[in-house]
Amino acid sequence: MKVEQIYTGCIAHAAYYVESNGEAAIFDPLREVQPYIDRAAKDNAVIKYVFLTHFHADFVSGHLDLARKTGAAIVYGPTAKPAYEVITATDNQVFKIGEYAVKVIHTPGHTMESTTYLLIDEQGKEHGIISGDTLFIGDVGRPDLAQHVVADLTEEKLAGYLYDSLRNKIMPLSDDLIVYPNHGAGSACGKNMSKETTDTLGHQKEVNYALNPALSKEEFIKAILTGLTPPPGYFPKNVLMNIQGYESLDTVLERGHKALTAENFEMVANETNALVLDTRNATDFANGFIPNSINIGLDGSFAQWVGEMIPDIKQEILLVSNPGYEDEAMIRLSRVGYDGSIGYLEGGFDSWKKAGKEVDTVKRITAEEFAKIHENEKPLTIDIRKKSEFQSQHITDAVNIPLNEINNHLAEFPKDKPFILHCAGGYRSMIAASMLKQRGWDNFSDVIGGFTEIAKTNVPKSDYVCPTTML
């Protein structure tokens with residue numbers, strides 16, 4: 001059976017392409033749809049359906065643009081009520097793609113409309129399940145997202161629905177089915193996802209804690225809710241965009257694709273409320289950047305950190321990127337609903353320097369330099385990694401303020417004495433450094449290589465605790 005996983009690592013997302021006899025279907029597409037159209041064209045196939053497993057929270061799906069450009073029908077599972085024309089399938093309804101069949105299995109729990117699609121080959125043999133956020137490899141979908149859109153859908157209620165869906169709809173299926181989930185490790189849609197992006201259902205029944213048949217419903221609910229961190233703030237906004245509709249990506253890119261000279265860039269920045277977003281890597285940013293700009297590098301989990309750190313999804317944005325990467329930045333912004341790009345610095349940061357404009361920098365030190373300073377001066381050290389990373393191992397006298405919480409803890413960053421920032425490798429600490437610089441802090445240093453390099457020095461550290469042993 002021809003099933004292709006199209007995986008996008010920067011947001012840990014998997015879409016799927018299924019084709020038979022010149023007919024194709026796309027499951028859970030990303031915002032930019034041309035790659036799917038090109039893939040179908042390679043097979044001389046017509047995209048017949050766009051299947052959605054649920055209203056996604058962690059990205060804006062490309063189903064609307066894909067339907068407009070191909071004439072494909074959009075299919076959601078039972079109870080879905082979007083503000084645009086779709087096929088709302090019934091439980092057990094079957095759709096044909098060439099000689100293949102796709103059977104709808106309504107599996108509420110992650111959300112109420114969550115649906116798993118059972119793939120059946122040309123011989124009538126059940127091949128696999130496209131499970132969306134119902135079942136991951138090593139985990140299941142978190143049941144606490146829908147309440148941020150519909151208040152009475154509590155996490156306990158949804159966790160109970162998820163238990164029933166897994167026990168009554170998924171676990172009775174054949175062990176040799178291949179599980180094709182919507183996400184892998186790195187997604188905020190689960191807490192214990194594997195780096196593997198497919199597996200057999202039989203193996204998942206053996207190793208996935210949520211499929212343990214000995215768990216009662218009450219024990220399942222406790223297990224599934226324990227250790228959940230608050231979802232990123234942009235999740236509910238993405239859900240609403242997926243329910244209500246959104247602008248075409250072509251329109252978003254056309255609006256943002258305005259090359260501005262350094263003079264025009266400065267003028268637009270001064271005359272609007274636009275945020276200057278610098279997408280270069282941490283080293284390049286630290287060596288010189290436009291004052292008051294924020295650094296979130298394209299070389300990391302760019303879209304997720306934009307969603308975490310920029311509260312207003314409608315924020316106007318001016319981009320500073322390495323030349324040739326402006327469109328990539330805009331596309332990756334649009335994946336999480338940030339459609340407000342209004343222009344970019346032509347020629348990148350070099351053009352700003354050549355124009356003689358003001359430049360700011362971030363002071364950085366090596367891990368070895370940090371070790372010497374720490375031994376002699378015992379400076380305040382702020383570790384901005386996640387709590388679980390900090391609990392696993394940390395500098396003994398460090399203070400933990402996770403990056404996504406710094407806006408609520410600014411009072412803990414002193415202005416009257418020096419302090420030192422670090423994360424795991426330098427990516428997140430430069431985001432924090434840029435935000436602190438924007439707010440007037442200039443009395444800190446950032447550690448190059450973060451805790452990864454610090455751990456190699458003699459700086460006193462807590463005992464290592466394997467993350468898998470912690471909730």
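The values are calculated or read from the model by the stated rules, or taken from the named source; none is laboratory data. These numbers come from a predicted model, not from an experiment. Because the Cβ atoms are built from the backbone with ideal geometry, glycine has one as well, and the counts that use them run over all protein chains shown. Ligands, DNA and RNA are stripped out before the accessible areas are found, and what is left, the full protein with its side chains, is counted by its heavy atoms. Shrake-Rupley method; radii C 1.70, N 1.55, O 1.52, S 1.80 Å.
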Strands (runs of 3 or more DSSP E) wholly inside the stretch 80-162 containing at least 3 residues that are of a type in the set (A, V, I, L, M, F, W, C): 94-97, 100-106, 115-120
Filter result for the condition that a residue is surrounded by 24 or more Cβ atoms within 10 Å (Cβ to Cβ) and either touching a residue at least 24 places away in the same chain (Cβ under 8 Å) or closer than 20 Å to HIS257 by Cβ (or both), over SER301, SER321, SER334: SER334
Every residue from the stretch 442-456 that is of a type outside the set (D, E, K, R) and open to solvent by less than 10 Å² (accessible area, probe 1.4 Å): VAL447, GLY450, ILE454
Some residue of the stretch 352-365 being out of contact with any Gly (no Cβ under 8 Å at 6 or more places or on another chain), closer than 25 Å to CYS10 by Cβ and not β-branched (Val, Ile, Thr): yes
Any hit, the stretch 457-470, residues being touching an Asp or Glu at 6+ places or on another chain (Cβ under 9 Å), farther than 14 Å from LEU380 by Cβ, surrounded by 21 or more Cβ atoms within 10 Å (Cβ to Cβ) and not hydrophobic (A, V, I, L, M, F, W, C): no
Leading residue by the ranking (nearest to VAL18 (Cα to Cα)) among those in the stretch 48-106 that are touching a residue at least 60 places away in the same chain (Cβ under 8 Å) and of a type in the set (Gly, Ala, Ser): GLY98
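For every residue, the table says whether it meets (1) open to solvent by less than 60 Å² (accessible area, probe 1.4 Å); (2) within 20 Å of SER293 (Cα to Cα); (3) touching a His at 6+ places or on another chain (Cβ under 8 Å); (4) small (Gly, Ala, Ser).
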site: ILE342; (1), (2), (3), (4): yes, yes, no, no
site: ASP350; (1), (2), (3), (4): no, yes, no, no
site: ALA355; (1), (2), (3), (4): yes, yes, no, yes
site: ALA367; (1), (2), (3), (4): yes, no, no, yes
site: SER388; (1), (2), (3), (4): yes, no, no, yes
site: VAL399; (1), (2), (3), (4): yes, no, no, no
site: ASN404; (1), (2), (3), (4): no, yes, no, no
site: SER434; (1), (2), (3), (4): yes, yes, no, yes
All helices (runs of 4 or more DSSP H) inside the stretch 197-266 with 3 or more residues being surrounded by fewer than 18 Cβ atoms within 10 Å (Cβ to Cβ) and in contact with a helix residue (DSSP H, G or I) (Cβ under 8 Å, 6 or more places away or on another chain): 217-225
Residue in the stretch 128-144 that is open to solvent by 20 Å² or more (accessible area, probe 1.4 Å), among the hydrophobic types (A, V, I, L, M, F, W, C), more than 25 Å from SER20 (Cα to Cα) and touching a helix residue (DSSP H, G or I) at 6+ places or on another chain (Cβ under 7 Å) present: no
Of all residues in the stretch 449-468 being touching a His at 6+ places or on another chain (Cβ under 9 Å) and among the β-branched types (Val, Ile, Thr), the one that is farthest from ASN408 (Cα to Cα): THR457
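Yes/no matrix, rows are residues, columns are (1) at pLDDT 95 or above; (2) out of contact with any Leu (no Cβ under 9 Å at 6 or more places or on another chain); (3) more than 14 Å from PHE27 (Cβ to Cβ):
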{"position": "THR70", "(1), (2), (3)": "yes, yes, yes"}
{"position": "PRO78", "(1), (2), (3)": "yes, yes, yes"}
{"position": "LYS81", "(1), (2), (3)": "yes, yes, yes"}
{"position": "GLN93", "(1), (2), (3)": "yes, yes, yes"}
{"position": "GLU99", "(1), (2), (3)": "yes, yes, yes"}
{"position": "PRO108", "(1), (2), (3)": "yes, no, yes"}
{"position": "LEU119", "(1), (2), (3)": "yes, no, no"}
{"position": "ILE129", "(1), (2), (3)": "yes, no, no"}
Tally, over the stretch 163-186, of residues that are buried (at least 19 other Cβ atoms within 10 Å of the Cβ) and assigned to a strand (DSSP E or B): 4
